[in-house]
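Following: one structure in structure tokens, then a few remarks.
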2 protein chains.
Amino acid sequence: MTTKTPYAVLLLSGGLDSATALAIAKDEGFICHALTVDYGQRHCAELAAAQRIAQALEVAEHRIVRVDLGQIGGSALTDNNIKVPEQPSAGIPVTYVPARNTLMLALALGWAEVLQAKVISIGVNVLDYSGYPDCRPEFIKAFENLAMLATKAGVEGNKFHIHTPLLYLTKAEIIQRGTRLGLDYGMTVSCYQADDNGLACGCCDACRLRIQGFLAAGIQDPTKYVISRTVTTQ
Amino acid sequence: MTTKTPYAVLLLSGGLDSATALAIAKDEGFICHALTVDYGQRHCAELAAAQRIAQALEVAEHRIVRVDLGQIGGSALTDNNIKVPEQPSAGIPVTYVPARNTLMLALALGWAEVLQAKVISIGVNVLDYSGYPDCRPEFIKAFENLAMLATKAGVEGNKFHIHTPLLYLTKAEIIQRGTRLGLDYGMTVSCYQADDNGLACGCCDACRLRIQGFLAAGIQDPTKYVISRTVTTQ
């Protein structure tokens, strides 16, 4: 596939997963167009990280599209009145952003169609994740089906492939894979509530998964945390 | 369904179709939350029309979400370097906006989930339309399937229904239906390139379909056009 249509649109959040997905796509020979969606996250450290990663990995182009999801709310990530949980919770947590991956894939699909790219890469995974429904393989399959029906490219007989290289990897395996590819995880920001200097809280779901991932991978965690803390694996 | 979950999110563009879909949803007893997507259209007359319609039809709430599709381009509606055609063309025209309805339905889905609404209304139709792939019934079905898999509400066993009351109506039938419901089409703007005063060009695809629709419906067209012109049905 890469020799036929080497262009890919990559959703790049600035976090550990999407940076690894980008490193993998580059390694697989794709010409990478990175798309970051500024949806009104709680902090701008993640967007700054996306810009650093896009530059370091020498993407063909990096675009940031602003969507004001604050108008819709309903998540701790888009509504400052909802607190980010600092303890694990049962079920789908309040950091779930309603329809976020549908929206981000829709934007990626639009750009892919303009670029005549047939591949969209997204760093979702179903093992060490927060239980978000729009990270599951059945969601990805349904979006591929939709993409074919939604677009002029689809009507003309083209199919879009949603590239999910992390789907069945643990967080430790993701970190090991990226490290082998030379990715500097010090550039990435996973924390849901990083401060203005990009320091991570060390307490939120995203920090917990990241900390445990580095421990399990046996790789030193380059993340700078606001507070020193003792971390144990679950 | 209306007695059980009367909330609906309605995509309201400011055009003839979505205004009619809103009038129908109100008539069917839904409590209507109107969502307008400001995606960087060529003109702001459509957005002003959406505000007028939302107010006149007394929706429960009207929100406008801005998404900068100019970053993605690829359409005469989002890239001022691509001219709006003033003659009919074969195939899918350059006014097609890549993945637009997927994006708009994703935003509506997010808001519907926050509101605990199970119905999303969109004024697509497959008869008198411009051939856009994301107006077809198979696209709508695929989005319903996706919505169930994409959301926390779906995981909890809820289904979303995409309400498409205009799907199989001709433009004339749409206009007759809205007129019976007391809708004032003078509030709506269909033109792709209306001027700052909301005057329609009378030449673009959207204007042509609208003009022919009023003629076929036998209802006087309240639209104000930039130029006087003689119109004949096809």
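Counting Cβ atoms of other protein chains within 10 Å of each Cβ in B:149-160 and taking the mean gives 5. Of all aspartates and glutamates in the structure, those lying under 18 Å Cα to Cα from A:Lys224, and not within fewer than 8 positions of it along the same chain, are A:Asp17, A:Glu46, A:Glu86, A:Asp184, A:Asp195, A:Asp196, A:Asp205.
Provide the net charge surrounding B:Met148, with neighbours chosen by a C-beta distance below 14 Å and charges set as Lys +1, Arg +1, Asp -1, Glu -1.
+1
Take A:Val226, move 7 Å from Cα toward the beta carbon, and the resulting point lies 5.4 nm from the same point in each other copy, nearest first. Mean partner shielding of peptide A:58-70, defined as the number of other chain Cβ atoms within 10 Å of each residue Cβ, is 3. Set the bar at 25 Å for Cα to Cα. Now go through A:Lys118/A:Lys171; A:Lys152/B:Lys118; B:Lys26/B:Lys171 and name every pair that lies beyond it. Correct reply: A:Lys118/A:Lys171; A:Lys152/B:Lys118. Restricting the calculation to Cα atoms, every distinct pair contributes to the Kirkwood radius of chain A, found to be 18.0 Å.
Across identical copies of the chain, B:Lys83 has label-point separations of 6.1 nm, listed in ascending order, with the point defined 7 angstrom from Cα along Cα→Cβ. Shielding of peptide A:140-147 by partners, expressed as the average count of other chain Cβ atoms within 10 Å per residue Cβ, is 5. Remark on A:Tyr7: its backbone amide H falls under 5 Å from those of A:Ile31, A:Lys118, a criterion applied only to residues 5 or more positions apart or on other chains, H modelled at 1.01 Å from N.
Sorted from nearest, the other copies put their A:Arg180 label points 6.6 nm away, the label point being 7 Å from Cα in the direction of Cβ. How many nm is it between the label spots at A:Glu138 and A:Gln87, if each spot is 7 Å from the Cα in line with the beta carbon? My value for the distance between the label points is 3.1 nm. Each part reduced to its alpha carbon centroid, the range A:135-209 and the range B:132-147 end up 25 Å apart. FRET efficiency for the B:Asp196 to B:Gln116 pair, using the beta carbon distance and R₀ = 45 Å, is estimated at 0.70. The HN-Hα couplings worked out from phi for the range B:80-85 by the Karplus form 6.51 cos²θ - 1.76 cosθ + 1.60 (θ = phi - 60°) are 5, 7, 9, 6, 5, x Hz, whole numbers, x standing for Gly and Pro. Per residue, chain B reaches -10500 deg cm²/dmol at 222 nm when only DSSP H runs of four or more residues are counted, each adding -39500 (n - 2.57). Here chain B is scanned for trypsin sites (Lys or Arg not before Pro) in DSSP loops (not H, G, I, E, B) that have at most 10 other Cβ atoms within 10 Å, and the longest stretch holding none of them is B:84-234.
Throughout, read-outs are computed from the coordinates displayed, never taken from laboratory work. Owing to the predicted nature of the structure, the values given are computational and were not obtained by experimental measurement. Cβ atoms come from the backbone with ideal geometry, glycine included; neighbour counts cover every protein chain shown.
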